[in-house]
Amino acid sequence: MSAGTTEEAILDLAAVGIGPFNLSLAALADEVDGLAFEAYDQRPAYDWHPGLMFDWASLQVGFLADLVSLIRPTSRWSFLNYLVEHDRMYPFYIAERFHVPRREYADYCAWVAGRLPSLRFATAVTEVRWLAERDLWELTLRHTDTGATTTRLARALTLGVGTEPYLPPALADVAGERVFHSGEHLHRVAGLTEAGVRHVTVVGSGQSGAEVFLDLVRRQREAGWAVTWLTRSWGFAPLDYSKLVLEYTTPAYMRYFNGLEPAVRDRLIASQWQLYKGIDSETIDLIHNELYDHMLDGDRPPLTLLPATAVRAATPAGGGLRLTTHHADTGREAELDTEAVIAATGYAPRRPEFLAPVEKLIAWDERGRYDVTEGHRIRTVPEVGAGLYVQNAELHTHGAAAPDLGIGAYRGALILNAVTGRDVFRVPRRTAFQTFGPAAG
């Protein structure tokens, strides 16, 4: 046993990490009578992408993709009830907004997180062990506010630790005050202004890259910097929001996708990137408006957009950096001098260190990823009966729906139904008009 006090009461389900998906799980679990549930996060309170919380940004999915509504619309933890509690229902009704401001969604989540009794913030899970004789997970907890260490036992465990910022090797070696990930943008951009930076380069053309570029352009009159935006993709492409394509983010497609061979799944994920990596059309329109105004001004520092351009290397040069770039269409290399780089280069799955004691019990695929069943359970060796589930680390097994907020309540319902051994929540079966498998014979 770990040092400190051990609580012998056994949880039916423990959740590690309190992001939107485990918060959704906790909100649904709150109404399951008799369920012993707790969720842990090392942060002192709930916070969601603070480095990209632009006042003007909207959520890319509709408000019904809240923590509970697509499974339990009558829940007191719904977004609509949040509006009622804050006396904003009529203004929201008149506004006719389907895509709500991102900061409003973040405040909604924080409102739920501040009221659920099952959440344990300032609590880091430092180790997970499997007790073979009892078929239980033992979690070692470090309480960051007191430094105390305790343990907790659970019959099932859900991992919701999220992803981590990814910097490609060319930029990782020069990361620092002037080379950083877009997730830190709002915390770091003022420092670039104070340092008198005259040229900023944005790398990456997903939604984060687009928002960072737009923010830099809007600050240009005050900051006086030139801005270059480059992407290795063929263009600054939009998310595909067409209705039949959106069906590829539904449970129906997720179930179909999970049944495919791993090599087929990997090929499809690579080809379906506009389902989850593109730019929403509203942001593209805002950027084009800014570019048009920039053209009319005529005397501002230049703005340069470079599609099909990858960064191959980055080396210090003078007070800044020299980027070696490669153009996909022509195969030509070029050099670009800049003083700062903001890398909107995405996020990568993380393998939590606390799983080290049990990693040999887990089934990994040939690329070191979890082998996940249709029900979001990580496969383990046969002797482990204790449930091990995952949220938002199964893009490779469940497709583009895995990181989509609209799948959160559905996935949480599946997990809770499995843990309780009964259909606590009615899970929808018809979620798409398309039939994704072969035609019936």
Exercise. Just for the chain, what percent of DSSP beta bridges are antiparallel, to the closest 5?
Worked result: 55 percent
For this session: Sort the range 84-223 into rounded, prolate or oblate with this rule: let a ≥ b ≥ c be the square roots of the eigenvalues of the Cα gyration tensor; rounded if a/c is under 1.5, and if a/c is not under 1.5, prolate when a/b is larger than b/c, oblate otherwise.
Result: oblate
Problem set entry | Listed residues TRP56, TRP229 arranged by accessible area, highest first, probe 1.4 Å | TRP56, TRP229
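So how do MET254, MET295, MET89 rank on accessible area, 1.4 Å probe, biggest first, that is with the largest at the start?
The residues order as MET295, MET89, MET254, largest area first.
DSSP loop (so not H, G, I, E, B), at most 12 other Cβ within 10 Å: list which trypsin sites (Lys or Arg not before Pro) in the range 355-409 pass both filters.
Numbers: sites: LYS360, ARG367, ARG369, ARG377, ARG379; in loops: ARG367, ARG369, ARG379.
Filter output for the range 355-409: ARG367.
Note down the magnitude of the dipole of the chain about its Cα centre, charges +1 on Lys and Arg C-beta and -1 on Asp and Glu C-beta and zero elsewhere, to the nearest 20 debye. Walk me through the numbers on the way to the answer.
Numbers: 42 positive and 55 negative charges, 136 e Å.
Dipole magnitude for the chain comes out near 660 debye.
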Exercise. Where Lys and Arg each count +1 and Asp and Glu each count -1, what net charge lies around CYS109 among other residues with Cβ under 15 Å from its Cβ?
Worked result: -2
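Around HIS396, what is the net charge, scoring Lys/Arg as +1 and Asp/Glu as -1 over all other residues with Cβ under 10 Å from its Cβ?
Working: positive: ARG265, ARG367, ARG369; negative: ASP266, ASP365, ASP371, GLU394.
Net of charged neighbours comes to -1.
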Exercise. How would you classify the range 37-88 from its alpha-carbon gyration tensor, with a ≥ b ≥ c the square roots of the eigenvalues: rounded for a/c under 1.5, else prolate if a/b is greater than b/c, otherwise oblate?
Worked result: oblate
Problem set entry | chymotrypsin sites (Phe, Trp or Tyr not before Pro) restricted to the range 380-433 and DSSP loop, no more than 10 other C-beta within 10 Å | PHE433
For this session: Show me 193-202, 128-137 ranked by packing, highest mean number of other Cβ atoms within 10 Å first.
Result: 193-202, 128-137
Problem set entry | Loop GluC sites (Glu not before Pro), the range 354-399 (other Cβ atoms within 10 Å of the site Cβ: 16 or fewer; DSSP) | GLU366, GLU374, GLU383
Problem set entry | Magnitude of the charge dipole, the range 47-125, Cβ model with Lys/Arg +1 and Asp/Glu -1, debye to 20 | 240 debye
Problem set entry | Shape call, the range 289-441: gyration tensor on alpha carbons, a/c limit 1.5 | prolate
Exercise. What residue among PRO428, PRO117, PRO91 shows peak mean-square fluctuation when the chain is described by a Gaussian network model with Cα springs under 10 Å?
Worked result: PRO91
For this session: Measure off 7 Å from each Cα along the Cα-to-Cβ vector at GLU247 and ARG379, then give the distance between these two points in nanometres to one decimal.
Result: 2.9 nm
Seminar exercise, completed: With only helices counted (DSSP H, runs n ≥ 4, each -39500 (n - 2.57)), the per-residue ellipticity at 222 nm for the chain, to the nearest 500, works out to -7500 deg cm²/dmol
Exercise. Largest first, what is the accessible-area ranking of TYR105, TYR90, TYR256 with a 1.4 Å probe?
Worked result: TYR90, TYR256, TYR105
Exercise. Rounded to the nearest 10 Å², what accessible area does HIS187 show when all protein chains are kept and the probe is 1.4 Å?
Worked result: 120 Å²
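The values are calculated or read from the model by the stated rules, or taken from the named source; none is laboratory data. Given the structure is predicted, the values throughout are model-derived calculations rather than measurements. Note: ideal-geometry Cβ built from the backbone for every residue, glycine included; neighbour counts use all protein chains shown. For the accessible areas, the whole protein counts, side chains as well, though only heavy atoms, and no ligand, DNA or RNA atoms are used. Shrake-Rupley method; radii C 1.70, N 1.55, O 1.52, S 1.80 Å.
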